[in-house]
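Right, one structure below, let's go through it.
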Amino acid sequence: MEMNDINENTINLIKQTLDKLRPFMQREGGDVTFDSFEDGIVYVNISGACEGCSYLNADLEQGIEVILMEEVPGVVAVRLASEKELVKASLKIAKEKADQQLK
C-alpha cells in the first residue's frame, strides 16, 4: 500500500468518524466539518452555535480529539482550521530546536 493510499484511507476514516459526531454538534445548533489532515493533526471547521462557544475547546479536545485518536490510527491531535498556520509555525520552531539540541 502506497503512502497516498494510506493517507486517503485515513482521511476517509476521519470523515466517517466526524459524520458520526456531527449529529451531536448539530443538536446544539453547531456543526463540525473536515478541513485537512497533516502531520497527524486533523484540522476541522466549526460553525453555527459552536463557533465562539465557551465550551468549544473542551468539545474539541475532550470530545472530538479523543474519539478521533481512538478510532483513527495516526491521529495525534485535532485543531481548528483557522489555527493551521499558527500550529505549523509552532511545529517548525519545535523541530528546529530539537534539531539544534541533537547537534
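Where a number appears in this text, it was derived from the coordinates with a stated rule and is not lab data. All values derive from a computational prediction rather than experimental measurement. Cβ coordinates were reconstructed from backbone atoms using ideal geometry, including for glycine residues, and neighbour counts include every protein chain displayed.
Which value in deg cm²/dmol, rounded to the nearest 500, describes the helix-derived mean residue ellipticity at 222 nm for the chain, given -39,500 (n - 2.57) per DSSP H run of n ≥ 4 and division by the residue count?
One gets -16500 deg cm²/dmol as the mean residue ellipticity at 222 nm.
Relative to the current alpha-carbon distance between Arg22 and Lys95, full extension at 0.36 nm per residue lengthens the span by 22.9 nm. Label-to-label distance for Ala49 and Ser82 is 1.9 nm, based on points extended 7 Å past Cα in the beta-carbon direction. Spatially close Lys pairs in segment 3-102, defined by Cα atoms under 25 Å apart and a spacing of eight or more places or different chains, total 7. With neighbour counts taken as other beta-carbon atoms within 10 Å, the residues Asp19, Asp59, Asp99 rank, fewest first, as Asp99, Asp19, Asp59.
Among DSSP bridges having both ends in the chain, what percentage is antiparallel? Round to the nearest 5. Provide the component values of the computation, followed by the final result.
Details: 8 of 12 bridges.
Counting only bridges with both partners in the chain, antiparallel ones make up about 65 percent.
Cβ-Cβ distance of Ile11 and Ala58, R₀ of 22 Å, FRET efficiency by 1/(1 + (r/R0)^6): the value works out to about 0.30.
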